[in-house]
Amino acid sequence: MVEQTVTTMPGVKTLTLDSKTGKVFLIAAEYGATGTPPPAGGRGGRPPMLPGSFSILVVGK
């Protein structure tokens, strides 16, 4: 059952639930441009987090 659909920042994956209040906390940040390209067949690293962009989104009634 979907209770609520919430638009978040791109890349938000980490969250936690406060079971006492029913609130969900999502961790987000903005990221800069990617650095060097990944090696052939490899996976690139995450671009650097922009200073001052860390935020916590609280969702609940």
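Restricting the search to segment 1-21, which residues are among the aliphatic types (A, V, I, L, M), surrounded by 10 or more Cβ atoms within 10 Å (Cβ to Cβ) and over 29 Å from GLY45 (Cβ atoms)?
LEU17
Within segment 22-32, does at least one residue satisfy the condition of being surrounded by fewer than 10 Cβ atoms within 10 Å (Cβ to Cβ), at negative phi and at pLDDT 85 or above?
In the first step, residues of segment 22-32 are kept if they are surrounded by fewer than 10 Cβ atoms within 10 Å (Cβ to Cβ); the result is none.
No, because not a single residue in segment 22-32 is surrounded by fewer than 10 Cβ atoms within 10 Å (Cβ to Cβ), at negative phi and at pLDDT 85 or above.
Can you spot a residue in segment 29-41 that is polar (S, T, N, Q) and out of contact with any Pro (no Cβ under 8 Å at 6 or more places or on another chain)? Talk me through it step by step, then tell me what you get.
Filtering segment 29-41 down to residues polar (S, T, N, Q) leaves 34, 36.
Checking the rest, the ones that are also out of contact with any Pro (no Cβ under 8 Å at 6 or more places or on another chain) come to 36.
Within segment 29-41, one or more residues are polar (S, T, N, Q) and out of contact with any Pro (no Cβ under 8 Å at 6 or more places or on another chain).
The values are calculated or read from the model by the stated rules, or taken from the named source; none is laboratory data. The structure presented is a predicted model; accordingly, all values stated were derived computationally and were not measured. In this analysis, Cβ positions are derived from the backbone assuming ideal geometry, glycine residues included, and neighbour counts consider all displayed protein chains.
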